[in-house]
Amino acid sequence: MNRGTQVVICRVCSEGAGLLDVDKLARVASDAPGVCSTVVVERACNKKTVLEIVDDAMAKEADRLLVAPCSKKEISPALFQTYAKKAKMNEFLMEAVDIIGEVTLPHRDDPTRVQPKAEAKLRSAIVRINMLEPLQRTEERMRTSNVVVIGAGAAGIEAASVASAFGLHTVIIEKSEKKIDAPGVVMPKSRLISAKGHAGNYILTIEVGEKRETLECAAIVVASGGDWREAKGPIVDELQVAKPLHHLEQEIGEGRLPGGAIIILDTPDPKGIRTPAQDFMWEEALHCATHIRRKSPTTEVYLVFQEMRAMGLAEFDYKEASELGVKFIRYDSKKPPKVDTKNGTRLIVTDMAQEETLSLAFDTLYYASVAPNPDNAAIAVALRIPISSSGGIRRGSIQRGPVATPRPGIFVCGTAKFPKSREVARLEGKAAGLMAAQFAAAGKWEFGGSVAEVTSDKCSACLTCVRTCPYEAPFIGIAGKAEIAIQMCQGCGICAGICPSKAIELHNYTDDQLSAETAAYLGGDF
Amino acid sequence: MADAKPKIVGFCCEKHGTESVDLAIRSGEQYDASVRLVTVPCTGRVDGLHILKALEDGADAVFVLGCLEKNCYYDTGSIEGRKRVEYVRTMLSEVGIEPERVEMFNASSTMVWKFPEIASTMSQTARRLGPIEPRGDTK
Amino acid sequence: MKTGSNLEKVFEAGKFAVTAEIGPPQSANPEPLIHHAKMLNGSADAFNLTDNQTAVVRLSSIASAAIIMKEGIEPVIQMTCRDRNRIALQSDLLGACAIGVKNVLCLTGDHQIFGNEKAAKSVFDFDSVSELYTFNKLRNEGLQPGGNVLEEKPEVYLGCAENPFATPYEFRATRLAKKVNAGADFVQTQAIFDMDMFELWMDEVRSRGLDKKTHILAGLIPMKTAGAARYMKNKVPGMIVPKRIIDRMKNASDAAEEGIKLCVEQIDTLKSMKGVHGVHIMAVKWEEIVPRIAEMAGLLPRPSFD
Amino acid sequence: MIVAERKPLGEIAEMIAPYEKVCVIGCRSCVAICLAGGEKEVNMLVSAMGLLNRRTGRTQNLDGLVLERQCEKEWVKEVEDRILESDVILSMSCSLGAQTIGDMYPEKIVVPGLNTAIFGVPEEQGVWSEKCLGCGDCIIHTTGGICPIARCAKSMLNGPCGGSSDGHCEVNLELDCAWYAIHERLKLQGRLELMDMVRPPKEWNTSHSGGRRVIVREEARLTSHQKRATEESQ
């Protein structure tokens, strides 16, 4: 199986900083066990050179390749591609050891240690490559390229439009009966019940009215929005004259102006659950306040917020609002405003800046706040995606994209995550639509490679892996032992690191491989 | 006791961890050559055993560098990594070895200052504590 | 008449009974007991001698009883299930009866975690209900749980405790019913601070007719300081102290006097409460105040049956 | 299942200090599941002891291995050579495994690496709670499926006691009061009358109080005719 490693050392890059002795490095390589060929070349990325070293690899029957001294990202992809094609080398047996990045560049100030450290690094890289397994990646065809969007709010419609423009069929699941103008199919009065399958091939069960339907799709966009129903929080419940901010927007849109003094308050306590300061209403609130003062300069307008930040162009609105005499009152979330119960049209609030308790008379109070969509929990359970402590759908690492959930093929945008201004929600909808469309349009889902595998004999079926894996890849199979669904496995190795019976290994990052590589590196004395 | 050339192992995740290291290096930062980086896909892959083995194999200090906990590429991986590190530290305390030889760090790919800081912290710790060997006061 | 104990006589005579509590010393010195016995003589019908209360090691309840009996006052011994299995409980019951003890209060007992021997192995072979059940069978039929029948049955007046303020509240009267069914002749309640809540419990008790089947002594703790009130509210599980009581203690110019006043007021309320047959005053570490409270509450002199 | 907890390494180190060759034996059964004595813990312990020995400047030969079930002779027998070679056995199993080895090799010193604690239920990953004391006479059909013997700090049969505070136990306010829970469960099931009955004293002779218990299933036993020849029978 392990025939031998060819080590290719590139002189141009190695000698760049004048700190490395390339010939000595080459001797280290050729003395190392498992190395069948050591080639020092002027420039490894040169096409002609590549062909020469591939010939050498084939002649020496090398089945693995280690290139020094830069990282795989910096080496011409042609080098590895040619190997894969001509020498039929497995992609998992070709690695690069980044001596420049890890040794030469950061230790220029300590030049005597550069050479011995580079040698140790090379030795450990050789130890590692000798232990690597040739792995395979598998692909699965997507049975459909449909994109399903959950929620027909601003973000959802935008997502469907973008995916549709990409040439894909889109289906919007919307719980209300409202008429939606969006491309593809819109299913009103419907909601997600459960989901099966994995990226590229999801099978959803949808409840439409009384019936249940099955829906296959390649990718999913969650745009479930917030809870826009009207009763919000204890303050608002006490008041007849309290309305959500979108009522004010509507009134303004219809050319009406509310009479009397107005307070716009970010209710700190919607439904009794403390939520962080909500940024999504800042712009809307500013916009309404300036509009009213502009039209009716005698109307008192107070903006009572825990925090108010105007971003981008909204800065102009803020400036205008101040100039027009909108009164900004900032309060501490620990001291939320109270309605004067003896006189139901006064709001008692302590202004943080002045440390002064104010009693504001008003005629109408608009609350600028939204609670998370109560359906989020059910959506998260069905799609197996995480939910945040504030009740929104939690996105995955930013490295996966700003609208990605940790699960491949499922994206989230807009207020489903956390209250967003309409503009931001639309933009996120676009992004999610695009990412979902690109994902679905690929037509195939590739998986495997460096994934986890269970040694059944050692498994105690303790469920630790099943409970800990963020992707729900491990499951207890029919033999009563853990197994890994490789379509779900993303190769993080959390299960391998936590298994109390040491029954799980992550291919090419096994305990033995990691320990041997570490020991070899520690073996160097520098 | 101070060792001019301590041995420090850093298990570094190949997502934010490695990217923060790369960024520091490409920005010209210099750090103690005693640091030996071993790449893991995610700090959740790190087993307490890897850390203990590294110490057995001659490391004076070991650190684990992963993504920020709220922004881990593998969602909960760096939280798992921290728990493994904490457990090893408990074990070390129980056998009378300084737990500060083992540390967990988190960085995002844009925190250019973070890795040099980590290397310097660990290097100082390793130099201060020296190798794990019989102390003068042991009978 | 089951035993002819003084306490039983008071109840049978339909008088409003008074019991009080004496905490035995944490030493082998009997003097504090003798001192308290002398001082308290005549201020109550019987005196409880706690059994290693809150799991703190003290001079034993039965030995204390023997000591105060010499001073001519009647003891109620307490027997918890924490430290004794059924062999020791029965044996101690027989022993106590033999030296003339007539009243026994059956308790499960505070857990050892609260005391000064936290590493102790607890017994809990019985709980208070099974203890009552067993003692009742012993006195009525002479029948031991193991099947043996005693030749001489112990004559003993059986009491229990009940806490109207522990959860689940709706079950508390039922639990008293269980104890009455198991053989409790009288019950001393947990200290009452929330009189409204006690009244609710009494409603339940009366509706089940329990006040006709057993004698209820309402428990009271006179407080010396506001701190004591706060402590009981925050630190003693199953104790409810309303804020107004704490405020009253806090705002008083002389907290001890206020505590006495409060206790006397409570006794006045309880005297007219249907089904309450007496009070049980637990003056923890303040035993000397009992005669004054009894005096102020118009409970003196105590009836005599000689 | 049986839930155990690793002893502090300092205590373990003291127990094995006098010996040169230490055989550390884990178990893939209960103690692996409760993360106390599986292969991972065995390996980590061996490694940590190695570091301790380096710190104290001594050499000690630590051999780590894991059995399928340490409480069964057949599995133990498989590693007999390694047991016999060692000076001491550090059992990373529940006390049952440790005693099985001890009974099989009476001349060998066996030290416990774990404290065997409870018959517990994993409430969530990493949390186990005690729900049975093995009293030998299960009554949970009368208590709403909740065992008062194990879950009440005073093993009461006629609870809850006066310390039940907001449904919590007076001994540890973080724990539920078992009898409060029983009351609520029986209420839910419409069987509150079960709370009314006076439960007479429990007969503890089915528990450990009746002496060490041995459970025999006659029809499962092998007759002398069926039994294979073993070393002991020779």
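The values are calculated or read from the model by the stated rules, or taken from the named source; none is laboratory data. Note that the structure is predicted; figures quoted are calculated from it, not measured. As a convention, Cβ positions derive from the backbone with ideal geometry for all residues, glycine included, and neighbour counts pool all protein chains shown.
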Only unsatisfied item for residue A:78, checking (1) part of a helix (DSSP H, G or I); (2) out of contact with any Cys (no Cβ under 8 Å at 6 or more places or on another chain); (3) in contact (Cβ under 8 Å) with a residue 24 or more places away in the chain, is (2)
Being under 23 Å from residue A:397 (Cα atoms), facing chain A (nearest Cβ under 7 Å), in contact with a Gly (Cβ under 6 Å, 6 or more places away or on another chain) and not in a strand (DSSP E or B) is the requirement here; does residue B:17 meet it? no
Index of the failed condition, residue B:119 passing every other in (1) surrounded by fewer than 16 Cβ atoms within 10 Å (Cβ to Cβ); (2) part of a helix (DSSP H, G or I): (1)
Where residues in the range A:81-109 are among the hydrophobic types (A, V, I, L, M, F, W, C), away from chain B (no Cβ under 14 Å) and assigned to a loop (DSSP other than H, G, I, E, B), which of them is farthest from residue A:508 (Cα to Cα)? A:87
Which pairs have Cβ atoms under 7 Å, sit 6 or more apart or on different chains, and link a residue in the range C:285-306 that is in a helix (DSSP H, G or I) to one that is hydrophobic (A, V, I, L, M, F, W, C) and surrounded by fewer than 18 Cβ atoms within 10 Å (Cβ to Cβ)? C:288/C:39; C:294/C:300
Tell me the residue from C:178, C:212, C:233 that is modelled with pLDDT of 95 or more and under 22 Å from residue D:165 (Cα atoms), please. C:178
Cβ pairs under 6 Å, 6+ apart, first in the range A:351-375 and over 18 Å from residue A:333 (Cβ atoms), second basic (Lys, Arg): A:359/A:346; A:361/A:346; A:366/A:243
Just to be sure before I move on: is residue A:380 in the same structural domain as residue A:216 (by TED's automatic domain parsing), hydrophobic (A, V, I, L, M, F, W, C) and crowded, with 24+ Cβ neighbours inside 10 Å in the structure I sent? no
Complete set of residues in the range C:121-157 that are in contact with a Cys (Cβ under 7 Å, 6 or more places away or on another chain), of a type outside the set (Val, Ile, Thr) and surrounded by 15 or more Cβ atoms within 10 Å (Cβ to Cβ): C:124, C:125, C:126, C:127, C:128, C:131, C:132, C:135, C:154
Odd one out for residue A:447, checked against (1) in a loop (DSSP other than H, G, I, E, B); (2) in contact (Cβ under 8 Å) with a residue 24 or more places away in the chain; (3) under 19 Å from residue A:92 (Cα atoms): (1)
Residue A:116 surrounded by fewer than 20 Cβ atoms within 10 Å (Cβ to Cβ), in the same structural domain as residue A:9 (by TED's automatic domain parsing) and in a helix (DSSP H, G or I): yes
Among the residues in the range A:1-13, are any among the hydroxyl-bearing types (Ser, Thr, Tyr) and in a helix (DSSP H, G or I)? no
Which of (1) outside any loop (DSSP other than H, G, I, E, B); (2) within 14 Å of another protein chain (Cβ to nearest Cβ); (3) surrounded by fewer than 19 Cβ atoms within 10 Å (Cβ to Cβ) does residue C:95 not meet, given it meets every other one? (2)
Single residue of C:80, C:54 found to be under 24 Å from residue C:279 (Cα atoms) and at pLDDT below 95: C:54
Is at least one residue of the range A:391-412 among the charged types (D, E, K, R) and touching a Ser or Thr at 6+ places or on another chain (Cβ under 7 Å)? yes
Looking at the range C:176-199 only, could you name the residues that are touching a residue at least 24 places away in the same chain (Cβ under 8 Å), part of a helix (DSSP H, G or I) and more than 20 Å from residue C:262 (Cα to Cα)? C:176, C:177, C:178, C:179, C:180, C:182
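Residue-wise test of (1) in contact with an Asp or Glu (Cβ under 6 Å, 6 or more places away or on another chain); (2) of a type in the set (Asp, Glu); (3) more than 7 Å from chain A (Cβ to nearest Cβ).
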{"residue": "B:31", "(1), (2), (3)": "no, no, no"}
{"residue": "B:34", "(1), (2), (3)": "no, no, yes"}
{"residue": "B:41", "(1), (2), (3)": "yes, no, no"}
{"residue": "B:48", "(1), (2), (3)": "no, no, yes"}
{"residue": "B:57", "(1), (2), (3)": "no, yes, no"}
{"residue": "B:65", "(1), (2), (3)": "no, no, yes"}
{"residue": "B:74", "(1), (2), (3)": "no, no, no"}
Residue count for the range A:450-474, restricted to those that are facing another protein chain (nearest Cβ under 8 Å) and either in a strand (DSSP E or B) or within 16 Å of residue A:505 (Cβ to Cβ) (or both): 5
Among the residues of the range B:20-29, the number that are within 7 Å of chain A (Cβ to nearest Cβ) and assigned to a loop (DSSP other than H, G, I, E, B) is 1
Just give me the residues in the range D:114-136 being away from every other protein chain (no Cβ under 14 Å) and in a loop (DSSP other than H, G, I, E, B), in sequence order. D:134, D:136
Out of (1) hydrophobic (A, V, I, L, M, F, W, C); (2) surrounded by 19 or more Cβ atoms within 10 Å (Cβ to Cβ); (3) not assigned by TED's automatic domain parsing to the domain that holds residue D:28, the odd one out for residue D:127 is which? (2)
Selection count where residues are in contact with a helix residue (DSSP H, G or I) (Cβ under 7 Å, 6 or more places away or on another chain) and buried (at least 21 other Cβ atoms within 10 Å of the Cβ), scope the range A:160-192: 7
Within the range B:66-76, identify whether any single residue is among the basic types (Lys, Arg), surrounded by fewer than 24 Cβ atoms within 10 Å (Cβ to Cβ) and at pLDDT below 95, and answer yes or no. yes
Residues in the range B:30-67 that are assigned to a loop (DSSP other than H, G, I, E, B), in contact with a helix residue (DSSP H, G or I) (Cβ under 7 Å, 6 or more places away or on another chain) and within 21 Å of residue A:496 (Cα to Cα): how many? 4
Checking A:322, A:333 in turn, the sole residue that is of a type in the set (S, T, N, Q) and either crowded, with 19+ Cβ neighbours inside 10 Å or in a helix (DSSP H, G or I) (or both) turns out to be A:322
What are the residues in the range D:147-180 that are assigned to a loop (DSSP other than H, G, I, E, B), crowded, with 20+ Cβ neighbours inside 10 Å and within 23 Å of the chain's Cα centre (by Cα), if any? D:147, D:152, D:153, D:154, D:155
Subset tally (residues that are in a strand (DSSP E or B) and among the β-branched types (Val, Ile, Thr)) for the range D:56-85: 1
Could you please find all residues in the range A:440-462 being under 28 Å from residue A:415 (Cα atoms) and crowded, with 23+ Cβ neighbours inside 10 Å? A:440
